[in-house]
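J.: Dropping a structure here in structure tokens format, bear with me for questions.
The values are calculated or read from the model by the stated rules, or taken from the named source; none is laboratory data. On a predicted model such as this, the values are computed, not experimentally measured, just so you know. Neighbour counts are summed over all protein chains in view; Cβ atoms, including those assigned to glycine, are modelled from backbone coordinates with ideal geometry. Surface accessibility is based on the protein's heavy atoms, side chains included, excluding ligands, DNA and RNA. Shrake-Rupley method; radii C 1.70, N 1.55, O 1.52, S 1.80 Å.
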Amino acid sequence: MSTSDASAEAHPLFAEALRELGLDVEVRRFPEATRTAAEAAAAIGCELSEIVKSLIFEADGVPVLVLMDGSSRVDVELVRAELGAGKVKRAGAELVRETTGYAIGGVPPFGHRTRTRVLADRGLLDHEVVWAAAGTPHTVFPLDPKSLVAHAGGTVVDVREQSE
């Protein structure tokens, strides 16, 4: 699929980011929503851990993007320590849209309205290909994790909750 086809499926802001980056990715559209990692994995037919969750947190009131695999949860204490912040919490829907230009459930890992600090959990690098939202709750795209983290301007860190 060419970039022009991809941009027809992707959110316009994300399609523009793909053009600017010169990225030719296959954007897949699903009739059923792929808003959650589980929905996306089921629709694509991949492992839950191959889904990239693009999550916005507030660190001392400043938005930060955390990229996490779909089968893991973010440890906010590890994020707080990584950023040297006093307080970290999940951002509300309004701040997510304001910061990224997208609604929760469709936030891609890059192509946002504003520049934010990006932390990418090391677990993403365990896969050859990962799938992320393409700006809408119905669209996803595949990319190798190193490229995804590089295009997002991410720092690879360990911020996943450890199981007991």
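J.: As a test, work out the antiparallel percent of DSSP beta bridges whose residues both lie in the chain, rounded to the nearest 5. The partial results should precede the final answer.
T.: Working: 18 of 26 bridges.
Of all bridge pairs located within the chain, approximately 70 percent are antiparallel.
J.: Quick check: at a probe of 1.4 Å, how many percent of the accessible area of the chain sits on carbon and sulfur atoms?
T.: Answer for the chain: carbon and sulfur cover 47 percent of the accessible area.
J.: Let me ask you something else. Under a Cβ-only charge scheme (Lys and Arg +1, Asp and Glu -1), can you give me the dipole magnitude of the chain about the Cα centre, in debye to the nearest 20?
T.: Using Cβ point charges on Lys, Arg, Asp and Glu, the chain gives about 500 debye.
J.: If you don't mind, there's one more thing I want to ask. Cα to Cα, under 16 Å, and not fewer than 8 places away if on the same chain: which aspartates and glutamates meet these conditions relative to Lys89?
T.: Output for Lys89: Glu58, Asp60, Asp75, Glu77, Glu161.
J.: Another question, then. Keeping every protein chain present and rolling a 1.4 Å probe, give me the accessible area per residue for the chain in Å².
T.: Result: 49 Å² per residue.
J.: Rounded to the nearest 500 deg cm²/dmol, what is the calculated helix-only ellipticity per residue at 222 nm for the chain, with -39500 (n - 2.57) per DSSP H run of length n ≥ 4?
T.: Mean residue ellipticity, 222 nm, calculated: -8000 deg cm²/dmol.
J.: With a 1.4 Å probe and all protein chains kept in place, how much accessible area does Arg90 have, in Å² rounded to the nearest 10?
T.: Here the residue's solvent-accessible area equals roughly 140 Å².
J.: Could I ask something else about it? Would you mind calculating the gained length between Arg117 and Ala150 on full extension (0.36 nm times residue separation, minus the Cα-Cα distance), in nm to one decimal?
T.: 10.6 nm
J.: Further, regarding this structure: Under the classification rounded if a/c is under 1.5, otherwise prolate if a/b is larger than b/c and oblate if not, where does the range 79-164 fall, given a ≥ b ≥ c as square roots of the Cα gyration tensor eigenvalues?
T.: oblate
J.: In the chain, with Lys and Arg counted as +1 and Asp and Glu as -1 at Cβ, which of these residues, Pro142, Val74, Gly84, has the Cα nearest the positive end of the dipole, that is, farthest along it?
T.: It is Gly84.
J.: Which of the following values of semi-axes √(5λ) of the Cα gyration tensor in Å was calculated from the structure shown: (1) 24, 17, 14; (2) 22, 18, 17; (3) 27, 18, 16?
T.: Structure-derived value, by its label: (1).
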